[in-house]
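Notes follow the structure.
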């Protein structure tokens with residue numbers, strides 16, 4: 001985790017951005033390239049992080065050559081491999097247990113979604129419910 005702050009010391013409105021940064025960093029660590037855009041929305045006990053422009057040069061080439069299913073299969077494997085780190089990071093940032101985690105990728109348009117269902121609203125909830133992280 002990039003920050004050693006506890007979830008209770010966070011400024012209001014920054015939780016969404018912190019989760020976006022977590023997702024971007026983990027994608028970069030696991031795939032060698034992080035998304036250029038990430039937006040996290042928090043509503044009640046649900047967190048959705050949508051990333052854009054995550055594919056590597058090789059994955060973009062495969063998609064252009066009609067191998068979209070292969071790229072999505074590879075991406076799903078990365079996402080399941082990252083599961084423990086993603087869930088652990090979100091639990092640390094929110095102060096809540098993640099009850100369910102779902103993840104998928106649309107290679108044709110290069111969007112991915114990470115969805116977390118918590119055991120309650122985050123301890124410190126973003127004031128605007130929407131956080132955008134710059135590219136890592």
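The values are calculated or read from the model by the stated rules, or taken from the named source; none is laboratory data. Keep in mind that what you see is a predicted model, and the values were worked out from it rather than measured. Here the Cβ positions follow ideal geometry from the backbone for every residue, glycine too, while neighbour counts run over all protein chains shown.
Tabulated data
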{"read-out": "Those residues of segment 53-74 which are free of Cβ contacts under 8 Å to residues at least 40 places away in the same chain and at positive phi, in sequence order", "value": "66"}
{"read-out": "Residues within segment 93-128 that are farther than 22 Å from residue 31 by Cβ, surrounded by 14 or more Cβ atoms within 10 Å (Cβ to Cβ) and either in contact with a helix residue (DSSP H, G or I) (Cβ under 7 Å, 6 or more places away or on another chain) or at pLDDT below 90 (or both), tallied", "value": "8"}
{"read-out": "Output for segment 14-43, where each listed residue is in a loop (DSSP other than H, G, I, E, B) and under 18 Å from residue 106 (Cα atoms)", "value": "33, 34, 35, 36"}
{"read-out": "Test: residue in segment 50-67 that is farther than 14 Å from residue 16 by Cβ, modelled with pLDDT of 95 or more, assigned to a helix (DSSP H, G or I) and in contact with a helix residue (DSSP H, G or I) (Cβ under 7 Å, 6 or more places away or on another chain)", "value": "yes"}
